[in-house]
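The values are calculated or read from the model by the stated rules, or taken from the named source; none is laboratory data. Fair warning: this is a prediction, and the values are worked out from it, not measured in the lab. Cβ sites come from the backbone with ideal geometry, for glycine too, and all protein chains shown count toward neighbours. What goes into the accessible areas is simple: the full protein's heavy atoms, side chains included, and nothing from ligands, DNA or RNA. Shrake-Rupley method; radii C 1.70, N 1.55, O 1.52, S 1.80 Å.
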Amino acid sequence: FTFHTYGFLLGLAIVFAISLIEKKFKIYNYDKNCFWTIVIFSLFFGILGARAWHVMTDFYLYSNNFEQIFYVWNGGLSIFGGLIGIIFGIYLGIKLIKPCNNISFIKVLDIMVFGLPVGQLIGRLGNYVNQELYGFPTNSFLKIHISPENRLPFYKDVAYYHPLFLYEMIPLAIFFIVVYYLDNKTKLLQVGSGKLFLTYLTYYLILRFLLDFIRIDKVMFVDTSFSINQIFII
């Protein structure tokens, strides 16, 4: 038995996110079995989508080591593929399981926002322990030391880099705090209209678009100055 910290943090992220979403789900008196049906469908397709997206955009890492495609514990889960998979899984769970047909797909997407950012920021800690998702070299106050074996070929002699995972965690934490504050103090969120999920999606995509400019291991789109993920966001 081998303990993988990345896998542990990923599991912890899932548990926290599901717990927060379930708490909100209960407010609308939906069937508990339907909730877990939706969770199972979204988790399966979410993880599948996250891994598939990463492998497609970073295929050069696996072209000579196909078996490593299945080594999820080494890192390599894309939030873009994960989100697509989660949304597809939610839709499929609601449509295929008859008792769940009366649940609003849009409302479930809104409810998901009460847990998803927390799951993401805990999951980003996994990038820290795996020493991945870092930016260009820097000597600024905020920096992370990357071990030689985890550095890219052109930067073998450079020790400190932008902690890109942290740059993502902080805005996600702020978004989470604001959402819960507004939910407790005002009636602005209108859960079920789809606006909350759309706001989260827009916020996160803009954040990722900007952060990709300082990401060191991004895969560029053809001969442009944009990464594949940035092109997808556009």
Förster radius 35 Å - calculated FRET efficiency between GLU67 and ILE170, Cβ distance, rounded to 0.05: 0.45
Restraint check, LYS143/LYS185; LYS107/LYS218; LYS107/LYS185; LYS32/LYS95; LYS26/LYS98, Cα-Cα greater than 27 Å: LYS143/LYS185; LYS107/LYS218
Cα-centred dipole magnitude for the chain, charges only on beta-carbon of K, R (+1) and D, E (-1), debye, nearest 20: 800 debye
Calculated FRET efficiency for the pair ASP58/ASN139, C-beta based, R₀ 25 Å, to 0.05: 0.35
Fluctuation leader among ILE14, ILE106, ILE174 - the chain, Gaussian network, Cα springs under 10 angstrom: ILE174
TYR134 - accessible surface, heavy atoms, 1.4 Å probe, Å² rounded to 10: 10 Å²
FRET efficiency, LEU48 to SER147 (Cβ-Cβ, R0 45 Å, nearest 0.05): 0.90
Helix 5-27 axis, angle to the chain major axis (alpha carbon atoms, nearest 10°): 20 degrees
Degrees separating the helix 195-211 axis from the principal Cα axis of the chain, which is the longest one: 0 degrees
Surface accessible to a 1.4 Å probe, per residue, for the residues of the chain, Å²: 55 Å²
Spatially proximal aspartates and glutamates relative to LYS23 (Cα-Cα < 19 Å; intrachain offsets below 8 disregarded): ASP31, ASP110, ASP183
Acute angle (nearest 10 degrees) that the helix 79-96 long axis makes with the longest principal axis of the chain, alpha-carbon atoms: 20 degrees
Fluctuation leader among PHE175, PHE141, PHE221 - the chain, Gaussian network, Cα springs under 10 angstrom: PHE141
Accessible surface of the stretch 92-223 [probe 1.4 Å, protein heavy atoms]: carbon and sulfur percent: 65 percent
Candidates THR57, THR138, THR186: whichever shows maximal mean-square fluctuation once the chain is modelled as a Gaussian network with Cα springs under 10 Å: THR186
Structure-derived mean projected area of the Cα convex hull in nm² - corresponding label in (i) 11.7; (ii) 14.8; (iii) 12.7: (ii)
Label-point separation in nm, ILE214 to PHE105, each point 7 Å along Cα→Cβ: 3.8 nm
Within the stretch 138-202, trypsin sites (Lys or Arg not before Pro) in DSSP loop having at most 13 other beta-carbon neighbours inside 10 Å: LYS156, LYS187
